[in-house]
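Read the figures in this text as sums done on the coordinates, not as results from a lab. Small disclaimer: the values here were computed from a predicted structure and weren't measured. Cβ sites come from the backbone with ideal geometry, for glycine too, and all protein chains shown count toward neighbours.
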Amino acid sequence: MQIPYTSKVRPDTGLYNAKLGLWLFLASEVMLFGGLFSAYILLRVGQPEGFWPRGWLSVPIGTFNTMVLITSSISATMAWAACKMGQFNRFKMFHGLTILLAVTFLCVKSYEYYDKFTHYWIETKDGHYVDGHLVEKNDKEVVVHGVKTTDVKVLYDRTSADYKKLVHEEIKVETADIKRISNYQPKLNIYLGLYWGITALHAMHLIGGILVFSYLWGPGSKMWKSDPERFTNRVEIAGLYWHFVDLVWVFVFPVLYLF
């Protein structure tokens with residue numbers, strides 16, 4: 001049985017089936033990420049002044065990853081354009097570049113995640129706060145390279161002049177003196193919970209896109225010989241999905257990294 005409207009457009013919508021299905025899927029995705037961003041805004045507004053983290057993420061790293069993802073969207077578009085012009089080799093080149101850039105984005109994001117796993121927040125029983133990267137941890141003590149202060153607000157705003165005055169050094173904290181200790185997991189505070197939730201969900205969408213692109217670049221490209229128009233349509237909807245993933249990150253970057 002031949003599936004209708006895989007290449008030709010439907011008379012009722014002006015779209016072929018795959019594109020119509022994708023737009024419906026993206027509508028649900030807008031509601032999903034829209035809910036997360038709305039939660040972020042409401043929780044931030046409701047947080048006491050001075051207790052919402054600023055400067056906890058690396059802006060240069062985030063900027064680099066943003067440029068990587070934007071470039072991958074351009075190469076995805078170029079791959080579709082190559083198919084429209086019947087240039088299969090150029091399609092392979094641009095599609096391969098898209099996959100490479102997407103993997104680069106994930107590698108950089110993995111580095112950021114690793115940094116959060118090794119970054120520790122310690123509250124002591126005598127009212128001190130220690131924040132830094134783990135050097136050593138055993139039953140007797142925890143050693144971090146970071147800063148120590150009694151003013152917790154200073155640690156929340158790392159763009160402030162007061163934070164920049166703190167001396168970064170190796171700090172030893174006896175286990176018996178620790179009131180609370182955690183690395184930068186979602187449980188540490190609301191901000192990190194939202195950071196991990198939003199960026200991890202985005203990364204899952206990214207992985208899904210890489211799998212689709214890899215299939216179209218590899219075994220799926222055989223369709224080019226039997227039905228080039230339908231194959232071109234598949235490349236187009238994969239690109240549309242990728243543009244959405246890119247667009248989500250364009251919102252994630254300023255919301256989480258800059259403000």
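Computed quantities for the displayed model
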item	result
Residues E170, E236, E49, E123, sorted so that the one with the fewest Cβ neighbours within 10 Å comes first	E49, E170, E123, E236
Cut-off 13 Å between beta-carbons: net charge of the residues surrounding E49, Lys and Arg +1, Asp and Glu -1	+2
Mean Cβ count within 10 Å, highest first, over the residues of peptides 154-164, 186-196, 69-79	69-79, 186-196, 154-164
Karplus 3J(HN,Hα) series, Hz, for region 67-80 with 6.51 cos²θ - 1.76 cosθ + 1.60 (x for Gly, Pro)	5, 4, 6, 4, 4, 5, 5, 5, 5, 5, 5, 5, 5, 5
J(HN,Hα) series, region 33-47, from Karplus relation 6.51 cos²θ - 1.76 cosθ + 1.60, nearest Hz, glycine and proline x	6, x, x, 5, 5, 5, 4, 4, 5, 5, 5, 5, 4, x, 7
Proportion of all alpha-carbon pairs of region 112-245 beyond 25 Å (%)	49
Under 29 Å between alpha carbons - lysine pairs in region 50-148 that sit 8 or more apart or on different chains	13
Formal net charge of residues neighbouring N65 (Cβ-Cβ distance under 13 Å; K, R +1; D, E -1)	-1
Over region 1-146: Rg over Rh, Cα atoms, Kirkwood Rh	1.16
Karplus 3J(HN,Hα) series, Hz, for region 102-117 with 6.51 cos²θ - 1.76 cosθ + 1.60 (x for Gly, Pro)	5, 5, 4, 4, 5, 5, 5, 5, 5, 4, 5, 4, 4, 4, 5, 5
For K137, distant residues with modelled amide H under 5 Å away	V143
Cα radius of gyration and Dmax for the chain (Å)	23.5, 75
